[in-house]
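The values are calculated or read from the model by the stated rules, or taken from the named source; none is laboratory data. Worth saying up front: this structure is predicted, and the values here are computed from it rather than measured. Reconstructed Cβ throughout: ideal geometry from the backbone, glycine too, with neighbour counts over all protein chains shown. Protein only, heavy atoms only, side chains kept; ligands, DNA and RNA dropped before computing areas. Shrake-Rupley method; radii C 1.70, N 1.55, O 1.52, S 1.80 Å.
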Amino acid sequence: MHTTLTRTDRAHWRRDLSASITVFLIAVPLSLGIALATGAPLQAGLVAAAVGGIVAGLLGGAPLQVSGAATSLVVVTAALVQRYGWQATCAITVLAGIAQLILGTMQVARAALALGPAIVHGMLAGVGVTIAIAQLHVVLGGSPDSSALANIAALPAQLRSFNPATMMVGAITVAVLAGWPQLPGRTGKALRTLPAPLAAVAAATAAGAAITLPRVDLPAWNSLVLPGIPDGPVLGTIAAVLTVTLVASMESLLSAVAVDKLRAQRGGPGDNTARAGLNRELLGQGASNVVSGLLGGLPVAGGAIRGSANVRAGAATRRAAVLHGVWVVLCAGLLAEVLNLVPLAALAALVMVVGVKMVSFAHIKHVQRHREFPVYAATLGTVVVFGVLQGVAAGIAVSVYLSLRRLTHTRITVTEDAGVHRVHVRGQLTFLAVPRLARAFAQVPEGTSVVVELDGSFIDHAAYEALQSWCDGHRARGGWATLGDRSGGTVSEPASAHACRPWTPWRNHHCTKPSNTASTATGRAAGQLVGGLSAFQRNTAPLVRAELARLAREGQRPSQLFLTCADSRLVTSMITSSGPGDLFTVRNVGNLMPPPGNDASCDSVAAAIEYAVEVLEVSSITVCGHSGCGAMQALLGATHEPGAQTPLARWLRHGRPSLARMQRIGRLGRGEVALADRPVADDLERLSLVNVMQQLDHLMAHVCVARRVAEGSLQLHGMYFHVAEAQAYVLNRAASTFAAVRPDIQEVLDPV
């Protein structure tokens, strides 16, 4: 046992050492760039990186989180430096750290996450816009103003009088940052081990070596200058401290949650890192800010950029973050002359790109889908115009207004379609809407079929009683009525109604089977088919008709191609929680993807792939295998000759590379295929897992797939579904491991 633990610890040390170097190479240019953007002394960024790595790394509750100079506080810190001076800004940083220590002691970290995602993303986007505009002035050879509006107003004049040398350096930095992850071939793969920020700054430094440019100027490390008391109104100082506390805490906690999800998704063997403790993380961040402020450093926060890089680089424990801080200290002491060669325009371009990336279109689509874009826009705009704290306050105010409006605003319409009356209630249904509901019901003739759709998240008791009473009365007068929500779930229905509903918790699906009066198997099968069709027309068609009509008008635009087995137990829409128009599904025996160059009998699958990739332009392809696969069982126990000419035998030839691959890696897997949560059960399960990986390789042999993957516009995913356990597993190709998907993990699959 002792030997095993020692070997594991050595492996963790190697992973932590490698990850710490990767994060260090990202943190140094980023920290200098943030310091430049705030107007603070450049060494303040290095102090924050070192303190964040060592202090927060040792004391924080998120072991794989890496802290340093806070990106989200660039605008706030710049305003503080200009208003109070650098010494007073350090004092505010210390006070903010003390406030974080108090909040962490009060165990309120979880409550901080209650701030709506639209407000948080809007705040970060507003900060990103402000950073990008300000640093663009530096790239063009000018000096930014403290106000985003002033920077926008001055931009035309700056463009007319730009400095060609600084603009060239900035352009090289941006070009390398954008192109570095796309470097092709083996050489590109080897180069990509060097972080893009370091490569970009190094390339820009080399390009500008012979040109006279403003460069980094790290002063000699002298005795510490203690923080000074801010000179100004007490309320202003309190507001500044609260702003730094709020923004630094939010960034750190959100980053800790994101890094924790990345770690859980990675889920490699031997990775037993504990889940993040948010209150302890807040305490660690508070201690870091106290120390950083006392040493003359920038405000510290956990960063998603550094944290995600740490996880992807393979960090196993908190040692990686601490070692990264040690490397920063050594760099500041031993490599100051090298850092002094870096052009300021390169750092400004680096931070400008970081600011642009803080405006995430994925987040915009997300908040728009949840009808919270006004909150996002109000927060973003107010942050840009007035500041971070004002932006958060504006976002909260708009969020409260929309919530009250949704609670009181109810729209009720009555329509008729194919003899079915549809009463559509949009908004929250409270006692205030009962009179309007009664007027709507008065428009419905007696004895008709009625579907009452509740398109809202709240219904109070008075409204529910009114609905139930009217439905009971309508049924008593010979009519038919049902209450449903916007997803098709039944709120209330007559006892004699059909028990199955689409996209609801699904149970043993026998309700469409015919009675025993059908005398033959053929008759029973036909009866079940007709019974299912009748149930669809009666219960499901009224609910999905509008959505299907929209899809018929607009055409299909799925984002995913799902390649899976024809096995009847694999219900793709159920296990992926998808609906009409979401998946372009290709099913065949064994979820096989024949590589190009096979006989013409394989053109059907290849044609579907080409259509999905080239015409529908899907953004991802998932190959899904499953337990108990008959095709894999046939491959394992095949008694026919390879040249057999039955259709099944000819098709199963395309699965033989998977069988050969499993036989090469052996029964123990040799690290090439594994389940993260448990041992592989038997050869049938092992072959099913290997087959998913093999078919992904076959996909890459198709020219259209390989081209889109190289462009970065298409991702390939592997998946395995255990039927008996109703458990999905996703493939982490780097670790050759299928990890179980948990109910509390909502991340995309790792691309192959």
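Structural remarks
- Dipole of the chain, positive end: most advanced residue of Leu407, Pro195, Ala44 [Cβ charges, Cα centre]: Pro195
- Order by protection proxy (mean Cβ within 10 Å, highest first), peptides 371-384, 543-556, 58-71: 58-71, 371-384, 543-556
- Over the chain: helical MRE at 222 nm, DSSP H runs n ≥ 4 each giving -39500 (n - 2.57), nearest 500: -17000 deg cm²/dmol
- Put simply, when 94-105, 121-132 are sorted by average Cβ atoms within 10 angstrom per residue, most first, you get 121-132, 94-105.
- The packing ranking, built from the mean of other Cβ atoms within 10 Å per residue, places the peptides 9-19, 170-180 in the order 170-180, 9-19, highest first.
- For the stretch 60-189, the solvent-accessible area works out to 41 Å² per residue, with a probe of 1.4 Å and every protein chain left in place.
- Per-bin percent of Cα-Cα distances, the chain [10 Å]: 3, 11, 18, 20, 19, 15, 9, 3, 1, 0
- Largest-first ordering by accessible area, 1.4 Å probe, given options Glu614, Glu685, Glu711: Glu711, Glu614, Glu685
- On Cα atoms only, tilt of 148-160 relative to the major axis of the chain in degrees: 80 degrees
- For Val66, net neighbour charge (Lys/Arg +1, Asp/Glu -1) across residues whose Cβ lies under 14 Å away: +1
- Positive-pole candidate from Ala35, Val354, Leu467, dipole of the chain, charges at beta carbon: Leu467
- Per residue, the solvent-accessible area of the stretch 323-395 (1.4 Å probe, heavy atoms of protein chains only, all protein chains present) comes to 47 Å².
- Long-range HN-HN contacts of Thr585 with modeled amide H, under 5 Å: Phe562
- Surface exposure of the stretch 413-458, expressed per residue as accessible area with a 1.4 Å probe, stands at 49 Å².
- Here the stretch 400-478 exposes an accessible surface that is 56 percent carbon and sulfur, computed with a 1.4 Å probe and the other protein chains kept in place.
- About the Cα centre, charge dipole magnitude for the chain (Lys/Arg +1, Asp/Glu -1 at Cβ), debye: 620 debye
- 0 to 90° range, to nearest 10: angle between helix 42-51 axis and the chain longest Cα axis: 60 degrees
- Environment charge at Ala118 (Cβ cut-off 13 Å; Lys +1, Arg +1, Asp -1, Glu -1): +2
- Backbone amide hydrogens, once placed in the peptide plane, bring Gln428 within less than 5 Å of His409, excluding anything fewer than 5 places away on its chain.
- Karplus (6.51, -1.76, 1.60) ³J(HN,Hα), θ = phi - 60°, over the stretch 355-364, in Hz, Gly and Pro reported as x: x, 4, 5, 6, 8, 9, 5, 5, 5, 4
- For Val216, nonlocal amide neighbours, meaning residues 5 or more places apart or on other chains whose placed amide H falls under 5 Å from its own, are Val342, Leu344.
- HN-Hα J in Hz across the stretch 327-344 - Karplus 6.51, -1.76, 1.60, θ = phi - 60°, x for Gly and Pro: 5, 5, 4, 5, 5, 5, x, 9, 10, 4, 5, 5, 5, 5, 7, 6, x, 4
- Bridge orientation summary for the chain: considering DSSP beta bridges with both residues in this region, about 40 percent are antiparallel.
- Charged neighbours of Val705, selected by a Cβ distance under 12 Å, balance to -2 (K, R count +1; D, E count -1).
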